[in-house]
Amino acid sequence: MISSIILAAGESRRVGKLKQLLPFGNSTIIETVIDTLLSAKLDEVIVILGHAAEKITEKIKHKPVKIICNSDYKRGMLTSVQCGVLAVNKITDGSAFDPDRVGAGKSRDGFLIALVDQPFLTPNLINNLIEEFYRTDKCIVLPTYKERRGHPVIFDIKYASEILALSEDSEGLREVIRKHQDDIHKVPVNTDSIIRDIDYWEDYIRETNILDSQ
């Protein structure tokens, strides 16, 4: 009952190349992230594209994912988050805002926000977050490594309206998390993959070197 949203609309300016399609293992970075989420206990996988959307779509169109093109991606990551939230099945079918479906327990739905440049996440880690989401009465679940918060983050569906109402001059998801500190459940993990991402070319070289050494 958890949807996942992969934020993959950026221009990769700091990397200098289209990082979504950079080789990683036996495929590409974006395919690796998609396959990880498809292997986890998720209801659906939504991919938000923007820059070079057609080129990336050609690479992933055979995957059982929902591909959404964000025409406003240049206005920032929040626009991609909002596109993803709007695409979640529980929202588009009109059931997301039914108060009877909000609350702790297995009847509760949510959505997981994942970054395209974190290819070292594993299905087991994702499943652990999902299990914690259903176990706790908190409505925001996030992983931590040595007290540092990371991604992906799961939000209860009740936060959909608040996220969709965020303005461009807001702090985005950080604002939601900051406002609801008492509704956060932190999940300690033993891997730094939740805080490692690929922002620069040097990061890509480091990550692929780590992969080759495993």
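Only the coordinates and a few stated rules stand behind these numbers; no lab work does. Bear in mind that the values here come from a model prediction, so they are computed numbers and not experimental data. Every residue, glycine among them, receives a Cβ derived from its backbone with ideal geometry; neighbour counts consider all protein chains shown.
One table, with the values for the structure above:
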item	result
Cut-off of 10 Å, at most 12 other beta carbons, DSSP loop: longest stretch of the chain lacking such GluC sites (Glu not before Pro)	1-146
Region 143-214: relative contact order in percent, alpha carbon pairs under 8 Å with at least 6 residues between	44
Straight-distance crosslink candidates among aspartates and glutamates, where the alpha carbon sits under 20 Å from Lys41 and sequence neighbours closer than 8 are dropped	Glu31, Asp109, Glu131, Glu132, Asp137, Asp156
Under 30 Å from Lys17, Cα to Cα: lysines that are on another chain or at least 8 residues apart	Lys55, Lys59, Lys61, Lys63, Lys66, Lys74
C-alpha center-to-center spacing [region 165-214, region 14-87] in angstrom	16
FRET efficiency estimate (nearest 0.05) - Cβ-Cβ, Cys69 to Glu175, R0 25 angstrom	0.50
Cleavage-rule hits (trypsin sites (Lys or Arg not before Pro)) in region 115-214: DSSP loop, at most 14 neighbouring Cβ within 10 angstrom	Lys146
Reach of Lys138 by Cα under 18 Å, taken over lysines that are not fewer than 8 positions away in the same chain	Lys106, Lys158, Lys179, Lys186
Cα lying deepest toward the dipole's positive end in the chain, options Ala9, Ile130, Ile163, charges on Cβ	Ala9
